[in-house]
Every structure is written in structure tokens, then in C-alpha cells.
Amino acid sequence: MSDLSERLQTYLRKRLGAPDLEVANLARIPGGASRETYRFRARYAGRDRGLILRRDPPASLIETERTTEYRAYEAFHGLGLPVPEPIALELDAAPLERPFFIMEEVEDCQAGSILSPDPFGAHAAKIGQQFFTVMGKIAAADPRDVGLGDFEGETDIHDVAMHEIARWEKVVNEDEIEPQPIVRAAIRWLKKNPPPPAQKISVVHGDYRAGNFLFDGNGDIRAILDWEMSHLGDPLEDLGWAIDPLWSGGNPLVGGMLPRDEALAIWEKASGLKADPKALHWWEIFASFKGAAIWISAAREYAEGRNTDPINAFSGWYTLAFHNHILAQKLGA
């Protein structure tokens, strides 16, 4: 860790033009399967600033592009949404052995765990109001206006759903290490029962859910995190993912925050769009399929020793079984 700290210090001194900068208290934050995450203090010019380092790992649960995540932070921080301030993006592996980016640390906050039966306590409703409002504002933003019109994704409202099916079917094809009959059944159903065309093309966060934001002691959301899967697509993709049963942790409230109807109404008001029941039903089944594809990839990474983070073992065991169960229920219905 001392070598990484010294290399980071050398990089930031040059990048920020601060020859007196010192890096202190560098420590890895557990969890996170797509980037190694560290917190540290940067002390320079009389400042003592908390920063976060996100570095590419040797192997990743999901193949993601760090430039995408960084640009999403830039765009939505600039729009005034609760997103950490981006500080530096480095694509050259030389400074820290792998590409990375640095952003501000949002301090004195916590994330709600899906393993907790009541992750937000008395603040659940207040947090839920903000959570679905911010998601609606992301959906309402024109990708071109926020500088993300060139993001990867399908821009034809008629083809966007099949584009996403192809993306995640490819993951299953490449990473399954044993037959996945329920997932294959879900793929067949999704292809045979396409949803209505998207109402618009938006920036899709890709992993907007409980556990991927920070809130403070007053119940205020301070940071929406983990934009590495963001792309252009149907905004209902984010909504379907956010209300997936996995993120409720057994709580009857959506994401442990709000009743379903209330959550959808808040999203509709903020986005100016409709949570069309037929379309949303398709995207909910898609969400559980996408989840299963991610957990299948995690299982392979762990089994082959490319990434032995325990979160990959948990994902390939518990969460894959969970989404297989949800898919079986939904397809059966």
C-alpha cells in the first residue's frame, strides 16, 4: 500500500500543480466488483481534502469503460444532481499500473445495505422521494444537452430493447459454466414479447438501486454512485432495475423506501414520462435477467481465480439463485 500511496502522491503533485501535496491514510474500501476503490486524504496548499481513487482491477465482474463513468460524473455533477465532483481521469496505466480516476469523497454518509431489513429507518420515505426524483431527472435530461450524446447504446426507440437483450445474452453465452435453463427461458420470452417503443432515449445509469447512493444523518441523498454501466437507452430500464425485488432485501417497500405506486408516481412527475404497465413489466423481467447475467459472470470470474473477491462468490451463489427464483415466478405467471 505504501508504494501505491507514493505513486499516487507523485501523480497528484503533477496533475494538480501542487508540489507540496501529501497523500495520507490510503485505505481500500471493501466491495465493488468493477473497480478497486480506495479513500485517502490529499493535503496541500493548506487544504485537507478527502478523495476517492477508483482503479481498474486485474479482472472485473463486468467489463466497463472508466471513461464512461467519469464522463457521467462530470455531466450530472454539472447538472446539479447529487454526484461526486470528478477530479482526474488517467487512461495511461503507467502512473498506478492500471487506468484509474479520482473524485471527491462525500463524507459523513452511509450506504443502505440490501441485507438489512430496514436500511433507512425513519428516513425511508424522505430518501425514497429523493431517490426516485433524481432518477426521473436523469431520465428527463437530453443526452446531447449534457454532453453524453455519443454514449454507447441504441438510439432507435424501436430497437433499444432488443439491443439490451443482445448485450446481456452475449454475457451469458460467454460466461456460463453450467446450463442456465431459467435464464434461457427468460431470453426466449423477452424476445417473443417485445415492449412498446421507448418514449425517449435517455442516459441510463445502468445500476441505479439501493446500495449505490450515499445519504447523511438527516436523510439527504448526497451522492449517486457507480455509473460505470451507464449508456443510452430506454429510461424504463433504470426504473425496472431499481424496483427489482433483490434491492428490497425482503422489505415490502420498493428498495426498502416507498410503496410501489408512490415510487412510480414520483418518477413519472420528475421525468415527465409514463411508467406504462406493459412496458415496465417487460423491463422488470429484463432486470432480473440482467441481474442473472451479471451473477453468472461473477461466478465464472471467481471459479477461474481471475477475481477472488468474496462478493463474486456471493453473487454467483445467492444472488444468481435469487434471480432465477424471481424469473421462474414471473415467467410462470
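Key figures for this structure:
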read-out: Condition met for GLY206 (assigned by TED's automatic domain parsing to the domain that holds GLY316, under 29 Å from ILE114 (Cβ atoms) and either without any contact (Cβ under 8 Å) to a residue 24 or more places away in the chain or surrounded by fewer than 22 Cβ atoms within 10 Å (Cβ to Cβ) (or both)); value: no
read-out: Filter pass, ALA299 being farther than 22 Å from ARG35 by Cβ and surrounded by fewer than 24 Cβ atoms within 10 Å (Cβ to Cβ); value: no
read-out: Of all residues making up the range 75-121, the number that are among the small types (Gly, Ala, Ser), within 27 Å of PHE151 (Cβ to Cβ) and either crowded, with 19+ Cβ neighbours inside 10 Å or not assigned by TED's automatic domain parsing to the domain that holds PRO57 (or both); value: 2
read-out: Test set (1) modelled with pLDDT under 95; (2) among the hydroxyl-bearing types (Ser, Thr, Tyr); (3) over 25 Å from GLU174 (Cβ atoms) - SER315 fails condition number; value: (3)
read-out: Neighbours by Cβ (under 8 Å, 6+ apart or cross-chain): first from the range 242-270, at pLDDT 95 or above; second basic (Lys, Arg); value: ALA242/ARG209; ILE243/ARG260; ASP244/ARG209; TRP247/ARG209; VAL254/ARG260; GLY255/ARG209; GLU268/LYS274; ALA270/LYS137
read-out: Residues being under 19 Å from the mean Cα position of the chain (by Cα) and in contact (Cβ under 8 Å) with a residue 60 or more places away in the chain - total across the range 101-115; value: 10
read-out: Candidates ASP261, ASP234, filtered to the one that is among the acidic types (Asp, Glu), assigned by TED's automatic domain parsing to the domain that holds PRO196 and surrounded by 24 or more Cβ atoms within 10 Å (Cβ to Cβ); value: ASP234
read-out: Residue that is surrounded by the fewest Cβ atoms within 10 Å (Cβ to Cβ) [pool: residues in the range 302-333 that are aliphatic (A, V, I, L, M) and closer than 19 Å to ARG167 by Cα]; value: LEU327
read-out: Test set (1) among the charged types (D, E, K, R); (2) surrounded by 15 or more Cβ atoms within 10 Å (Cβ to Cβ); (3) out of contact with any strand residue (DSSP E or B) (no Cβ under 9 Å at 6 or more places or on another chain); (4) in contact (Cβ under 8 Å) with a residue 40 or more places away in the chain - ASP220 fails condition number; value: (2)
read-out: Selection within the range 98-118 - in contact with a helix residue (DSSP H, G or I) (Cβ under 8 Å, 6 or more places away or on another chain) and closer than 19 Å to LEU51 by Cα; value: PRO99, PHE100, PHE101, ILE102, MET103
read-out: Flag for ASP244 being surrounded by fewer than 18 Cβ atoms within 10 Å (Cβ to Cβ) and out of contact with any strand residue (DSSP E or B) (no Cβ under 7 Å at 6 or more places or on another chain); value: no
read-out: ALA161 being in the same structural domain as ALA293 (by TED's automatic domain parsing), closer than 30 Å to ALA186 by Cα, under 18 Å from the mean Cα position of the chain (by Cα) and at pLDDT 95 or above; value: no
read-out: Odd one out for ALA166 among (1) more than 30 Å from PRO57 (Cβ to Cβ); (2) surrounded by fewer than 21 Cβ atoms within 10 Å (Cβ to Cβ); value: (1)
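The values are calculated or read from the model by the stated rules, or taken from the named source; none is laboratory data. Please read all numbers here as calculations on a predicted model, not as lab measurements. So basically every Cβ, Gly included, is an ideal-geometry build from the backbone, and we count neighbours across all protein chains shown.
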